[in-house]
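Working notes for the structure below.
The values are calculated or read from the model by the stated rules, or taken from the named source; none is laboratory data. These figures come from a predicted structure and were not determined experimentally. In this analysis, Cβ positions are derived from the backbone assuming ideal geometry, glycine residues included, and neighbour counts consider all displayed protein chains. Surface accessibility is based on the protein's heavy atoms, side chains included, excluding ligands, DNA and RNA. Shrake-Rupley method; radii C 1.70, N 1.55, O 1.52, S 1.80 Å.
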Amino acid sequence: MEETPKRQVRACYDETTVTVYQAFRPEIAEPAAADGRFPAAFGLERMTWVKPSFRWLMHRSDWARSEGQERVLGVVIRREGFDAALEAAVLSSYERGVHASKAAWQRELRRSEARVQWDPERDLDLRPLGHRSLQLGLGGTLVERYAGEWLVRIEDLTPLARALHATRDPALLPPERPYPVPSGAAARLGVS
């Protein structure tokens, strides 16, 4: 069996869309899923973090049981938007070998509306695995584009989260596979 690269974006996607996951309180999630768009309570003025890994979101939200994260949404967005966000993103912490210098990284970070963090991917028992999962933070105009022009549909995946929590059946997982990150973004974000 081939080993998973240390940093690889894995996602559920097709030719035109990619699904990212977020957990919210019911006051945001229910109208979002019902209307197919985020309500005013979503708040476009702050950074929002999206995850293409369903298992990582299950860890983050404790199977949709954490306060304020009781509902899990699958947000289907246009791939060109996801790619644009990756192209704009800067690692949330300095890494020698990825950045020319700490000062250069700090300048990039101040200018960027997108952040990337690499956190341990999780198995179905939410134990950390040896490879990392991408988290993508969107701020400024990128949040507006995410909630507007990039948005295709919003799905309530809370029942899926509950079924996975109860059964740990891997057949229920969304079909995530390696995502083709644009080459410039891949180098800048330390993709393996």
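Residue pairs whose Cβ atoms lie under 8 Å apart, separated by 6 or more positions or on different chains, with the first residue in segment 90-115 and closer than 15 Å to Val191 by Cα and open to solvent by less than 50 Å² (accessible area, probe 1.4 Å) and the second assigned to a helix (DSSP H, G or I) and of a type in the set (Asp, Glu), are Val90/Glu108; His99/Glu108. Determine whether segment 139-156 contains at least one residue that is polar (S, T, N, Q), at pLDDT 95 or above and in a strand (DSSP E or B). Looking for residues that are polar (S, T, N, Q), at pLDDT 95 or above and in a strand (DSSP E or B), one finds none in segment 139-156, hence no. Mind checking whether some residue in segment 53-73 is open to solvent by 60 Å² or more (accessible area, probe 1.4 Å), assigned to a helix (DSSP H, G or I) and at pLDDT 95 or above? Yes: one or more hits. In the set Pro180, Pro159, Pro170, Pro175, only one residue is open to solvent by 80 Å² or more (accessible area, probe 1.4 Å) and either hydroxyl-bearing (Ser, Thr, Tyr) or free of Cβ contacts under 8 Å to residues at least 40 places away in the same chain (or both); that residue is Pro159. Residues in segment 39-52 that are in a loop (DSSP other than H, G, I, E, B), open to solvent by less than 20 Å² (accessible area, probe 1.4 Å) and farther than 18 Å from Val9 by Cβ: Gly43 alone.
Looking across segment 77-116, the residues that are of a type in the set (S, T, N, Q) and over 22 Å from the mean Cα position of the chain (by Cα) come down to Ser101, Gln106.
Taken across segment 127-143, residues that are hydrophobic (A, V, I, L, M, F, W, C), crowded, with 19+ Cβ neighbours inside 10 Å and within 16 Å of Pro174 (Cβ to Cβ) do occur, with at least one present.
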